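Accompanying notes for the structure given below.
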Amino acid sequence: MDDLFEASSDSEKPLAERMRPETLEDLVGQEHLLGEGAVLRRAIREDRLFSMILWGPPGCGKTSLARILAKESRKAFVQISAVFSGVREVRAIIEEARGRRRMQGRGTLLFVDEIHRFNKAQQDAFLKHVEEGLITLIGATTENPSFEVIAALLSRCRVLVLNPVSEEACVRVLQRALTEERGLGRLGIGAEESELNQMAGIAGGDLRTALSGLEMAAFHCLGRGDGGGVRRILKEDVAAAFGDRVLRHDKAGDSHFNLISAFHKSLRGSDPDAALYWLFRMLEGGEDPLYLARRMVRFASEDVGMADPGALAMALSAMESYRFLGSPEGEGALAQAAVYLATAAKSNAVYVAQKAVVARIRDTGAPPVPLHIRNAPTQLMENLGYGREYRYAHDYKDAYVPQEYLPEDLKGDSYYHPSDRGYEKLVAQRMEHWRRLRDEARKKGLPASKV
């Protein structure tokens with residue numbers, strides 16, 4: 001059987017490393033940055049590279065782009081990883097850069113992989129030298145720079161967003177890997193477009209994952225021992241190489257917030273199919289099911305509210321059901337709650353009222369409670385007027401009597417404005433009826449405590 005790993009040092013490298021692009025023309029998927037007329041293309045052509053943060057998902061070409069930029073530039077290239085380096089290494093690089101500029105008149109291009117792993121003090125070490133132009137910094141990160149890179153450094157760099165590699169571009173790279181000598185060309189292995197599409201789809205825009213999977217699929221194909229001729233990678237080889245698909249979902253990173261936002265907005269937009277998709281996308285990616293349950297409880301109050309009071313009970317029941325059953329059985333209760341919430345009548349009137357009343361309280365302080373709605377457990381309090389002229393609602397028709405409950409200075413305030421959807425439509429009708437009764441009472445000149 002052919003050996004995937006030959007004696008030479010190059011052949012011992014993983015396929016993804018052997019197929020790393022060496023020129024701008026080889027780099028796929030970032031045409032918005034490197035196409036004719038794009039700012040980065042012009043900067044390369046004029047050798048006027050600027051400090052930048054390359055932000056994109058794994059396997060989209062951040063490191064490859066940095067290395068290509070180094071080849072295209074006349075600057076010296078230094079690469080470090082924030083995982084293994086600290087301030088001491090950075091200071092040594094700065095001193096070398098200073099000596100290089102003094103002795104050779106040559107600038108330094110510093111590439112920092114996973115720059116988000118540097119803490120604030122470590123990132124601070126770059127500021128002066130980037131600002132003075134001693135180094136041109138290229139930082140690579142999979143995390144949102146807005147949260148992971150200090151503002152002072154961001155202001156000195158340009159953030160360039162790299163996209164996930166499209167399936168079409170990924171398939172082109174896989175085809176090249178099968179035919180080129182530096183890839184798997186020497187093995188005489190082929191693959192139908194359907195299998196290549198399958199691998200590209202599984203990789204989800206991560207070219208490194210796609211190439212690593214192709215290498216394992218080729219190894220599995222060779223192991224079948226089909227005999228001479230061009231051997232074909234089959235679906236069973238792809239399945240053996242990739243196993244269960246691992247979805248990218250960093251529970252503490254940008255991906256987490258993007259996914260939960262998509263879930264929440266799908267519920268709000270009354271799309272049960274999308275809500276189920278994002279729910280199980282997160283569950284399959286390893287998200288805490290109880291976190292998702294808590295988000296649905298919050299949604300039930302914030303976005304469904306009184307339009308369907310049963311929504312809160314449904315969300316709470318789903319959470320308790322999951323606690324009782326666990327996975328995978330309990331996930332059915334979460335799915336049921338998601339569908340219920342997505343298809344429920346929606347109203348944020350309670351949420352809006354909550355914000356309005358809190359703002360009013362912070363603006364007006366703490367005016368005294370009206371005397372007529374205070375309790376009077378002692379004779380002294382009763383003599384002071386506590387509870388005087390209070391009218392007990394249950395003594396009146398329909399358990400309602402016009403009466404003022406807000407402090408004197410806030411009389412007439414209105415915070416809750418029900419919608420005309422779902423159960424809240426009935427609530428709105430009741431409130432309108434009570435408003436008319438209050439207006440009639442005021443016209444009759446009743447005391448303030450009674451209107």
Next on the checklist: Quick check: the angle from helix 423-443's long axis to the longest principal axis of the chain, C-alpha only, nearest 10 degrees?
Outcome noted: 40
Checklist entry - Placing +1 at every Lys and Arg Cβ and -1 at every Asp and Glu Cβ, with all other atoms neutral, what dipole size does the chain have around its Cα centre, in debye to the nearest 20? => result 1960
Next on the checklist: Assuming 0.36 nm per residue, please report the length gained on full extension of the stretch Phe257 to Arg430 beyond their Cα-Cα distance.
Outcome noted: 58.3 nm
Checklist outcome for this item: In terms of the alpha carbon gyration tensor, root eigenvalues a ≥ b ≥ c, rounded if a/c is under 1.5 and otherwise prolate when a/b exceeds b/c or oblate, the stretch 301-365 is prolate
Checklist entry - How about the stretch 273-379: which chymotrypsin sites (Phe, Trp or Tyr not before Pro) there lie in a loop by DSSP and see at most 10 other Cβ atoms within 10 Å? => result none
Checklist entry - What distance in nm separates the simple spin-label points at Glu408 and Ala151, each placed 7 Å from Cα in the Cβ direction? => result 4.5
Item to check | For the stretch 155-234 versus the stretch 311-337, the gap between their alpha-carbon centres in whole angstrom | outcome: 40
Next on the checklist: Positive end of the dipole of the chain, charges at C-beta (+1 Lys, Arg; -1 Asp, Glu), about the Cα centre: which of Val90, Leu211, Ala240 has its Cα farthest in that direction?
Outcome noted: Val90
Checklist outcome for this item: Checked against a 24 Å limit on the C-alpha separation, the offending pairs among Lys13/Lys75; Lys75/Lys120; Lys13/Lys71; Lys397/Lys444; Lys355/Lys443; Lys397/Lys425 are Lys13/Lys75; Lys75/Lys120; Lys355/Lys443
Next on the checklist: Per 0.36 nm of contour for each residue apart, how much would the distance between Thr378 and Arg442 grow if the chain were fully extended, relative to their Cα-Cα spacing?
Outcome noted: 19.9 nm
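Taking the stretch 148-182, which GluC sites (Glu not before Pro) meet the DSSP loop condition and have no more than 15 other C-beta atoms within 10 Å?
Values: sites: Glu148, Glu167, Glu168, Glu180, Glu181; in loops: Glu180, Glu181.
Listed in order of number, the matching sites are Glu180, Glu181.
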Next on the checklist: Please compute the Kirkwood hydrodynamic radius of the stretch 316-451 from all pairs of different C-alpha atoms, in Å with one decimal.
Outcome noted: 18.8
Checklist entry - Along each of its three principal axes, how wide is the spread of alpha-carbon positions in the chain, in whole angstrom units, largest first? => result 100, 63, 42
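Every number here is computed from the coordinates shown, using simple stated rules; none is lab data. Computed from a predicted model, the values in this text were never measured in an experiment. Because the Cβ atoms are built from the backbone with ideal geometry, glycine has one as well, and the counts that use them run over all protein chains shown.
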